[in-house]
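Structure, as structure tokens:
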Amino acid sequence: MPSVGAVVENRCGLPWLVLFPDGVVHETAAAWFRELLVSDSSPATLRSYGYDLLRWFRWLAATDGNWSRASRERVRDFVLFLRESPRPGRGADAVGFAPRTINHQLAVLSAFYDYAIYYGLGPLMNPVPHPSPQDRRAVEHHDPGRPWPVHRRAAYRQRVPRQVPRSLSDDAANALFSALKFNRDRALVAFWLSSGVRASELLGLSHNRIDYGRRTIAVVSKGTRAVQEVPASADAFVWLSLYLAEGYVGSGDEPVWWTLRAPRRPLTYHAARAVLLRAQAALGTRHRLHDLRHTAAMRMANDPAFTLVDVQTVLRHAHISTTELYLQPRMDDLVEKMELLRQRRAEAATQPPVVAAGYDEAAVRELLGLDR
């Protein structure tokens with residue numbers, strides 16, 4: 001696709017804008033963003049939606065299409081393009097966007113066209129197929145005491161496979177921790193592995209939200225944006241103290257995490273991701289920041305001292321069904337258990353059978369032919 005247009009940060013008014021074509025603000029997208037902002041959508045949501053719209057606009061520009069007159073066939077061809085195009089940043093062998101990415105793209109386009117049609121901003125129909133009315137009514141009036149009904153996916157929506165959350169084994173986590181070079185990075189990883197907070201939540205931590213006595217931190221939750229307290233391990237606070245002792249002491253609402261090189265500035269998500277990738281260069285792994293949250297959740301879910309409700313409270317999940325995903329065993333653990341099972345069966349085969357009390361052992365061995 002042509003590299004035309006951009007999603008840019010705006011310092012006054014809307015936090016993000018879609019420029020399409022180059023240097024020109026897409027007015028309909030800006031009006032929709034204004035509607036979302038008034039509806040209490042976060043700036044991160046606007047940024048994500050902006051890149052989805054930009055991908056759609058670029059594809060239409062490459063195929064001589066107009067967004068206000070797009071048809072259902074255009075959406076169908078766009079989905080085929082997403083399924084077969086190389087995935088950016090994943091190597092030459094990675095083909096096709098993930099099913100969740102395609103479904104998210106369609107959901108954004110559907111909401112964008114619904115807004116444009118409602119306010120009469122160009123299109124006369126929504127080119128993205130909607131779910132059937134029967135399926136929507138079944139979801140709207142769902143009984144919490146009953147399982148969710150099975151309904152058909154809307155047209156062009158992809159089948160999303162049920163996957164085990166990506167987490168690190170204990171050996172992989174220890175190797176990653178040993179590869180870190182600075183106390184700041186060790187403190188970050190220790191908090192992620194023990195508290196299970198999201199990467200952006202921990203990076204937004206300020207000094208007045210740390211309770212050293214109770215060993216808790218208060219983070220702004222991603223979904224509700226409420227300030228919630230989360231416990232962390234004692235080791236994480238030790239590494240945090242070592243990092244602050246190096247001259248990064250602050251107070252009040254000042255950020256905790258800063259860059260190590262001058263000029264000093266708050267540590268961003270992309271900078272923390274680069275730190276993790278550099279540490280894994282020698283290990284040959286590519287774990288993501290969110291994998292650390294999955295690792296903490298798997299550890300808590302498999303600990304007999306934690307109930308499922310405890311894990312849900314620490315992770316701040318709205319629905320316990322989300323927490324239940326962490327009850328699935330890791331493949332590495334299953335491989336290890338399978339090897340232990342093989343060893344136990346091999347040892348049992350070499351052991352002589354035990355004759356129950358009241359039977360003549362010599363007669364039983366003669367009957368079974370064990371001495372031959």
Quiz item: How much length, in nm to one decimal, is gained on full extension between Arg265 and Ala282, taken as 0.36 nm per residue of separation minus their Cα-Cα distance?
Solution: 3.4 nm
Quiz item: Which of the following values of Kirkwood radius over Cα pairs in Å was calculated from the structure shown: (i) 21.0; (ii) 21.6; (iii) 25.1?
Solution: (iii)
Quiz item: Once both labels are modelled 7 Å past Cα along the beta-carbon direction, what's the Tyr115-Asp303 spacing in nm?
Solution: 4.2
Quiz item: Hey, what D do you get for the range 179-257 in µm²/s if you plug the Kirkwood alpha-carbon radius into Stokes-Einstein at 20 °C and 1.002 mPa s?
Solution: 171
Exercise. Kindly rank 163-176, 348-361 from highest to lowest mean number of other beta carbons found within 10 Å of each residue.
Key: 163-176, 348-361
Self-check item: Relative contact order (%) - criterion: Cα under 8 Å, at least six apart; region: the chain
Solution: 11
Quiz item: Taking only protein heavy atoms and a 1.4 Å probe, what accessible area per residue, in Å², does the chain have with all protein chains in place?
Solution: 61
Quiz item: Mind listing the phi-derived Karplus ³J(HN,Hα) values for the range 7-17, rounded to whole Hz, using 6.51, -1.76 and 1.60 with θ = phi - 60°, and x for any glycine or proline?
Solution: 10, 10, 7, 10, 8, 9, x, 5, x, 9, 10
Practice problem: Write down the Å³ per residue value for the convex hull defined by the alpha carbon atoms of the range 218-353. | Solution: 198
Quiz item: So, by mean Cβ neighbours within 10 angstrom, what's the order for 304-312, 180-188 with the highest one leading?
Solution: 180-188, 304-312
Quiz item: What does the highest-first list of 272-281, 191-200 look like by mean Cβ count within 10 Å?
Solution: 191-200, 272-281
Quiz item: Relative to the longest principal axis of the chain, what angle (0 to 90°, nearest 10) does the C-alpha long axis of helix 72-84 take?
Solution: 40
Quiz item: Roughly speaking, what is the stretch gain from Lys337 to Arg166, that is 0.36 nm per residue apart minus the C-alpha to C-alpha distance, in nm to one decimal?
Solution: 59.7 nm
Exercise. Calculate the dipole size of the chain relative to its Cα centre from +1 charges on Lys and Arg beta carbons and -1 charges on Asp and Glu beta carbons; express the result in debye to the nearest 20.
Key: 940
Quiz prompt | Under 5 Å, built H, 5+ apart or other chain: amide partners of Trp258 | solution = Leu267
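The values are calculated or read from the model by the stated rules, or taken from the named source; none is laboratory data. Predicted model only: the values in this text are computed from it and were never measured. Methodologically, a virtual Cβ is constructed for each residue, glycine included, from the backbone with ideal geometry; neighbour enumeration extends over all protein chains shown. Only protein heavy atoms, including side chains, enter the accessible area calculation; ligands, DNA and RNA are left aside. Shrake-Rupley method; radii C 1.70, N 1.55, O 1.52, S 1.80 Å.
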